[in-house]
Amino acid sequence: MSSRLAEIESLQPDLSAAEKVQLVYKIVRDISQPDTGIERTPDVCGGAARIAGTRIPVWSLVQFRNLGASEVEILTHYPSLRAEDLVNAWSYAASHDDEIATDIARNEMD
């Protein structure tokens, strides 16, 4: 193990849950390919982009964040999600902002 990795591991126990999520988020963002882990299926979630293998639409995660929820709160609310899923959702939302805004507006009308 490198000395840098050992140093990082020694600091980990002192981090709060929110700091750990932020660290994982940054690491995953650095190594992830954009839009991976996101899928669209016409008959699932009304065809909205969603976290792969779930029925959790990207727009709902974005709206949750827009309403002030932290990533820790989102991961607590959706225990099946991983930090990597949020990275993928934020990446997808950033590159499909009009689609996500339309999905949020459509949901607010229901």
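The values are calculated or read from the model by the stated rules, or taken from the named source; none is laboratory data. What you see is a predicted model, and the numbers here were worked out from it, not measured in a lab. All Cβ positions, glycine included, derive from the backbone under ideal geometry; neighbour counts span all protein chains shown.
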If only one of VAL58, VAL62, VAL87 is under 11 Å from the mean Cα position of the chain (by Cα), at pLDDT below 95 and among the hydrophobic types (A, V, I, L, M, F, W, C), which one is it? VAL87
Could you look through region 28-48, keep only residues that are at pLDDT below 85, β-branched (Val, Ile, Thr) and under 12 Å from LEU86 (Cα atoms), and pick out the one that is surrounded by the most Cβ atoms within 10 Å (Cβ to Cβ)? VAL28
Of LEU86, LEU75, LEU81, LEU23, the only residue that is in contact with a strand residue (DSSP E or B) (Cβ under 8 Å, 6 or more places away or on another chain), hydrophobic (A, V, I, L, M, F, W, C) and under 24 Å from GLN12 (Cα atoms) is LEU81
